[in-house]
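J.: Following this message is one structure expressed as structure tokens.
The values are calculated or read from the model by the stated rules, or taken from the named source; none is laboratory data. Note that the structure is predicted; figures quoted are calculated from it, not measured. All Cβ positions, glycine included, derive from the backbone under ideal geometry; neighbour counts span all protein chains shown. Quick note on the areas: whole protein, heavy atoms, side chains included, nothing else; ligands and nucleic acids left out. Shrake-Rupley method; radii C 1.70, N 1.55, O 1.52, S 1.80 Å.
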Amino acid sequence: MLVDGIWTADWDPVQAKDENGGFIRQTSSFRNWVTVDGRAGPTGGSGFKAEAGRYHLYVALICPWASRALMMRKLKKLDNVISVSVVEPFLTDQGWKFGDYPGADHDTLNNATYMHEIYTKVDPSFTGRATVPVLWDKQRNVIVNNESADIIRMLNSAFDAFGDGTTDLYPTELQSDIDELCPILYNGLNNGVYKSGFAVTQEAYEDAVRSVFNTLDDVEAKFSDGRSYMLGELMTELDIRLFVTLIRFDVAYHGLFKCNIRQIANYPYLSSFLHRILDIPGISETVSISHIKAGYYSIKSLNPNGIIPVGPHMEQGTVSNFVCGRAV
């Protein structure tokens, strides 16, 4: 991570831990908002007006948080409004790296080799982890925001004049339901798989993995009434939040993170939901199973020999052989 702007240690997946050895995720550092007129959003300062061509996303296709932003960008038809750079999937000793891996990019915008250079370009004394996604302002040469939950809300509404203003994944009539379910899904599943994988005590691991499968069981039961999406027949950001974890589950979290009580393939309704989302035009372009496998299995503390498993396979009901197109 960076300490006072200097890279001081090899990349470590365990950001912090509680008294029981449980994984604690770092809080995002940049929390400005792009708004329709440039006024300040819920956090941060003003001056970030929605404009076509002004903003850029730095993402990793391995990363579920970054994939949220890519999915929202596709659904809102912002491909030609917000540009994208993809890092390589491997987690190097200096974190995310730009390069030549298939499906990755060089950073032609800021000429960085590592993502942490983007952070120190903005704040030469930055202390913390250089995470993705990052929403970058080309005009002011600053990081707008590096919190995926904020970014998907911005993309949902701020750029309607330039994209698809008819698609709303945070509709007014469902906001209270979304706000209630988001932390449940996050704590039990989205971040729960990481709490399972990066736990350093048996107690912390068992607490986390039980929470993961309790959440999966609850969501499977919700879909058993025949609904298409989490809240019925209207897709919302909850479905994005759910999808990015499910698509990685059988090929990474089940094995590497020891979330191995069941696979998503064992959940018929969740499996159907997974394929339903993949069938939405453009969504498959935001998914790369090759990046997901290569990235997660490059975590040295969990897989020191770097061996990438061959399976699971499509005939077992998963999407492990699915590889995205490059047009992110």
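J.: When residues of segment 91-102 are filtered for being under 15 Å from K300 (Cβ atoms) and surrounded by fewer than 20 Cβ atoms within 10 Å (Cβ to Cβ), how many remain?
T.: Counting residues in segment 91-102 that are under 15 Å from K300 (Cβ atoms) and surrounded by fewer than 20 Cβ atoms within 10 Å (Cβ to Cβ) gives 3.
J.: For a quick check of your reading of the model, give me the residue pairs whose first member lies in segment 102-118 and is under 9 Å from S85 (Cα atoms), whose second is charged (D, E, K, R) and surrounded by 15 or more Cβ atoms within 10 Å (Cβ to Cβ), with beta-carbon atoms closer than 6 Å and at least 6 apart or on different chains.
T.: From segment 102-118, the pairs are A104/E88.
J.: Go through segment 179-203 and report how many residues are open to solvent by less than 10 Å² (accessible area, probe 1.4 Å) and of a type in the set (A, V, I, L, M).
T.: 3
J.: Can we say D218 is among the charged types (D, E, K, R) and assigned to a helix (DSSP H, G or I)?
T.: Answer is yes for this residue.
J.: Can you run down the residue pairs with Cβ atoms below 9 Å, 6 or more apart or on separate chains, where the first is in segment 119-131 and closer than 19 Å to S85 by Cα and the partner is open to solvent by 40 Å² or more (accessible area, probe 1.4 Å) and in a helix (DSSP H, G or I)?
T.: A130/E117
J.: Say whether the condition of being open to solvent by 30 Å² or more (accessible area, probe 1.4 Å) and under 27 Å from I289 (Cβ atoms) is met by at least one residue in segment 125-134.
T.: yes
J.: Filter segment 256-286 down to the residues that are among the β-branched types (V, I, T) and closer than 21 Å to T167 by Cα and list them by number.
T.: Listed by number, the residues that qualify are I277, I280, I283, T286.
J.: Can you tell which of L246, L238, L278 is under 20 Å from R73 (Cα atoms), free of Cβ contacts under 8 Å to residues at least 40 places away in the same chain and either open to solvent by 10 Å² or more (accessible area, probe 1.4 Å) or not aromatic (F, W, Y) (or both)?
T.: L246
J.: Among the listed residues D105, D137, which satisfies the condition of being open to solvent by 20 Å² or more (accessible area, probe 1.4 Å), at negative phi and charged (D, E, K, R)? So that I can check it myself, show each step before the final result.
T.: Values: D137 fails: open to solvent by 20 Å² or more (accessible area, probe 1.4 Å).
Result: D105 is the single residue among D105, D137 that is open to solvent by 20 Å² or more (accessible area, probe 1.4 Å), at negative phi and charged (D, E, K, R).
J.: If you don't mind, another one. Looking at segment 57-80, which of its residues are more than 16 Å from G295 (Cβ to Cβ) and open to solvent by 20 Å² or more (accessible area, probe 1.4 Å)?
T.: Passing the criteria: K74, L75, K77, D79, N80.
J.: Right, something else. Could you grab me the full set of residues in segment 204-217 that are in contact (Cβ under 8 Å) with a residue 24 or more places away in the chain and exposed (fewer than 15 other Cβ atoms within 10 Å of the Cβ)?
T.: The answer is N214, and nothing else.
J.: Might you let me know whether segment 140-147 holds any residue that is under 25 Å from N110 (Cβ atoms), of a type in the set (K, R) and surrounded by 14 or more Cβ atoms within 10 Å (Cβ to Cβ)?
T.: no
J.: If you don't mind, another one. From S46, S83, which residue is open to solvent by 40 Å² or more (accessible area, probe 1.4 Å), in contact with a Gly (Cβ under 9 Å, 6 or more places away or on another chain), without any contact (Cβ under 8 Å) to a residue 60 or more places away in the chain and not charged (D, E, K, R)? Talk me through it step by step, then tell me what you get.
T.: Working: S83 fails: open to solvent by 40 Å² or more (accessible area, probe 1.4 Å).
One residue alone meets the criteria, S46.
J.: Continuing with the same structure: If I ask for residues that are closer than 17 Å to D239 by Cβ and assigned to a loop (DSSP other than H, G, I, E, B), which ones from segment 259-303 would you list?
T.: Within segment 259-303, Y267, D279, I280, P281, G282, V287 qualify.
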